Amino acid sequence: MASDFTARSRQYQDALYEAFTGSQTAVADADPLHLLATLIDRCRPLVIEAEHAGAALDALEIVAANTDLEAGLSDAAIRFESPQRFREALFFARCLERDPDAALALLEARAYLEGATVPAGQYADLATDQAALLDATTFGALWREPERRDWFLDTIDIWKRDYAPAYTEKHATFNAALTEIATQMDALEPQTTALERLNGLQRLGAPQAVAALTQFHDLERFFGCPADVDGLAHILAAGPVCPLCSYHLGEEPPSADARRVQQAIGRGLSHQQSRLAQRVVTRLLARPGRAGSDRLDRFIEVVQASDLTGLASVLDEGLVAFLRDLLETPEPATTLLDQLATSYPELTAANLEEALADLRILIQEELRRNNGRLPLTRPDPTA
């Protein structure tokens, strides 16, 4: 471990010396940190409005502020993820002092390259060219061969002209899918609201499709990007990513998630509808002299018909409150098992866990109503 640290520290030291001496192996009669601090002071007035440049000089200034070389190299390892990154920042400062326009132009062009996500599996040529350009158009190369500045910038511009149409096409496809998902979630909202309301009826049984409901609320926040083709072309001239939606090449829309959510919420609402038919509608129909209302009759009709769309439309807060009162009123002369049998005429391995969960809810409700006590034996009629 110590040898690895020493070797890495030496790489940062070599980068520092190289930036000030070229091919020499040492900085003769000078403190490299002092040279760096002096260079930064000369560069500061040149980058007043250049955000990326200022950030690079800030990191170098922290390194240069050390009085001890080893401490400075330790700071360099913290501020720069690799010796190559440190070397590039040093040569950027040297290029900036010599030719500010060239250095800032290359900094902006390289920032575009580095900010573009290009999946190699889908865009092999584009990704290969991107990597090759990042290796070729370094500030170390610009320092050694300043006459190649125009070639650096021109080749990056050529790459950008290939990147832009690929990005534009996928941006359109991705956001069309998001628009479709938004439409699907809007259409699903009534059923989602109905399911959430029914899940709130504790006596109806264990909540259904809980994970799908959470994911629904994540998906309903999606919307298609408003950028049109012309607007996006203008955006891509300045940066590699649309700032309105932050789409990156290779991202896939959550269309499969949307389909799973639709199916899960549909199944959950269907299951709750079955519970309503077994636990609520049968009680309502069995009431002697039942005086129905139009809304209650409509509720019974849609539940019996397994009409999930109709159920979602009729199930408002008032009806939910009525159902809660109904479910919390125990049926006369019924035991817990009688109540459970209303929903589970037959226990099987497939429904056992759900039946036990519902039995737990029934027991908890009985305990609440009986001050925390629930006798399990029938009273002795002869006592």
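The values are calculated or read from the model by the stated rules, or taken from the named source; none is laboratory data. Computed from a predicted structure; not experimentally measured. Every residue, glycine as well, gets a Cβ built from its backbone with ideal geometry; the counts of neighbours run over all protein chains shown.
For the range 156-168, does any single residue satisfy the condition of being closer than 30 Å to ARG368 by Cα, assigned to a helix (DSSP H, G or I) and out of contact with any Asp or Glu (no Cβ under 9 Å at 6 or more places or on another chain)? So that I can check it myself, show each step before the final result.
Residues of the range 156-168 that are closer than 30 Å to ARG368 by Cα, as a first pass: none.
The answer is no; no qualifying residue exists.
Do we have THR173 as closer than 24 Å to SER306 by Cβ, of a type in the set (Ser, Thr, Tyr) and surrounded by fewer than 19 Cβ atoms within 10 Å (Cβ to Cβ) here? Give the derivation first.
Working: closer than 24 Å to SER306 by Cβ: no; of a type in the set (Ser, Thr, Tyr): yes; surrounded by fewer than 19 Cβ atoms within 10 Å (Cβ to Cβ): yes.
It is false that THR173 is closer than 24 Å to SER306 by Cβ, of a type in the set (Ser, Thr, Tyr) and surrounded by fewer than 19 Cβ atoms within 10 Å (Cβ to Cβ).
Which one is surrounded by the fewest Cβ atoms within 10 Å (Cβ to Cβ) among residues in the range 66-79 that are without any contact (Cβ under 8 Å) to a residue 12 or more places away in the chain and part of a helix (DSSP H, G or I)?
At the first step, the residues of the range 66-79 found to be without any contact (Cβ under 8 Å) to a residue 12 or more places away in the chain are 68, 71, 78.
Now drop any that are not part of a helix (DSSP H, G or I), which leaves 71, 78.
Details: ALA71: 13, ILE78: 11.
Once the filter is applied, the top-ranked residue is ILE78.
From ALA341, ALA333, ALA355, grab the single residue that is modelled with pLDDT under 85, over 42 Å from the mean Cα position of the chain (by Cα) and surrounded by 12 or more Cβ atoms within 10 Å (Cβ to Cβ). Quick ask: steps written out before the conclusion?
Numbers: ALA333 fails: surrounded by 12 or more Cβ atoms within 10 Å (Cβ to Cβ); ALA355 fails: over 42 Å from the mean Cα position of the chain (by Cα).
ALA341 is the lone residue from the list that is modelled with pLDDT under 85, over 42 Å from the mean Cα position of the chain (by Cα) and surrounded by 12 or more Cβ atoms within 10 Å (Cβ to Cβ).
Where the second residue is crowded, with 20+ Cβ neighbours inside 10 Å and of a type in the set (S, T, N, Q) and the first is within 16 Å of GLN184 (Cβ to Cβ) and at pLDDT 95 or above and lies in the range 203-216, which pairs have Cβ atoms under 6 Å and are six or more apart or on separate chains?
From residues that are within 16 Å of GLN184 (Cβ to Cβ) and at pLDDT 95 or above, the pairs are PHE216/THR192.
The rows are residues; the columns are (1) of a type in the set (D, E, K, R); (2) in a loop (DSSP other than H, G, I, E, B); (3) in contact with a strand residue (DSSP E or B) (Cβ under 7 Å, 6 or more places away or on another chain).
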site: THR183; (1), (2), (3): no, no, no
site: GLU189; (1), (2), (3): yes, no, no
site: THR193; (1), (2), (3): no, no, no
site: ARG197; (1), (2), (3): yes, no, no
site: ALA206; (1), (2), (3): no, yes, no
site: ALA211; (1), (2), (3): no, no, no
site: PHE216; (1), (2), (3): no, no, no
site: PRO226; (1), (2), (3): no, yes, no
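Mind checking whether some residue in the range 230-242 is within 26 Å of LEU213 (Cβ to Cβ) and of a type in the set (Val, Ile, Thr)? Before the answer, list the steps.
Filtering the range 230-242 for residues within 26 Å of LEU213 (Cβ to Cβ) gives none.
Checked against the condition, which is being within 26 Å of LEU213 (Cβ to Cβ) and of a type in the set (Val, Ile, Thr), the range 230-242 yields no hits at all.
Working only within the range 203-244, note down all residues that are buried (at least 18 other Cβ atoms within 10 Å of the Cβ), hydrophobic (A, V, I, L, M, F, W, C) and under 30 Å from ARG110 (Cα atoms).
Matches in the range 203-244: CYS225, ALA227, LEU232, ILE235, LEU236, VAL241, CYS242.
Within the range 71-112, track down each residue that is farther than 25 Å from ARG8 by Cβ and either in contact with a Ser or Thr (Cβ under 8 Å, 6 or more places away or on another chain) or of a type in the set (Gly, Ala, Ser) (or both). Walk me through how you get there before you give the answer.
Here is the first cut: in the range 71-112, the residues farther than 25 Å from ARG8 by Cβ are 95-109, 111-112.
The answer is ALA102, ALA103, ALA105, LEU106, ALA109, ALA111.
Go through the range 266-312 and report how many residues are basic (Lys, Arg), surrounded by fewer than 18 Cβ atoms within 10 Å (Cβ to Cβ) and either touching a Cys at 6+ places or on another chain (Cβ under 6 Å) or modelled with pLDDT of 85 or more (or both).
Taking the range 266-312 first, the residues basic (Lys, Arg) are 267, 275, 279, 283, 287, 290, 295, 298.
Right, trim to surrounded by fewer than 18 Cβ atoms within 10 Å (Cβ to Cβ) and you get 267, 283, 287, 290, 295, 298.
Then drop every residue that is not either touching a Cys at 6+ places or on another chain (Cβ under 6 Å) or modelled with pLDDT of 85 or more (or both), which leaves 267, 298.
Adding up the residues that qualify gives 2.
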